[in-house]
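One structure is given below, encoded as structure tokens.
Every read-out reported here was derived from the displayed coordinates using simple, explicitly stated rules and does not represent laboratory data. Everything numeric here is computed off the predicted structure, so don't read it as measured data. Every residue, glycine among them, receives a Cβ derived from its backbone with ideal geometry; neighbour counts consider all protein chains shown.
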Amino acid sequence: MSGAREVAAYAVDNIEELVSDMLTGDYADNEVSLGVLLCGQEEIQVQLKITRNPQDFIETDYQDWNASHKKI
């Protein structure tokens, strides 16, 4: 597994706690660093951010719209 996939896999371990903390604290969003990728001398931080602020939503064409929307 590549380093990028290994770092991204930490999202699974963090998503439910991020959502819970956001809702409990009535925050508009919540985020966590999953790790850092190294490319030569450059560092790339991989982040997981959740938001309920529609202005912050990333415009996306989901491959399967229905499969991409889930109740919590």
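So that you can scan it fast, the table gives a plain yes or no per residue for (1) exposed (fewer than 10 other Cβ atoms within 10 Å of the Cβ); (2) among the polar types (S, T, N, Q):
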site	(1), (2)
Tyr10	no, no
Glu16	no, no
Val19	no, no
Leu34	no, no
Ile44	no, no
Gln63	yes, yes
Lys71	yes, no
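Failed condition for Thr51, given (1) without any contact (Cβ under 8 Å) to a residue 12 or more places away in the chain; (2) surrounded by 10 or more Cβ atoms within 10 Å (Cβ to Cβ), with all others met?
Just one mismatch for Thr51, condition (1).
Just checking, how many residues over region 3-37 are in contact (Cβ under 8 Å) with a residue 24 or more places away in the chain and in a strand (DSSP E or B)?
5
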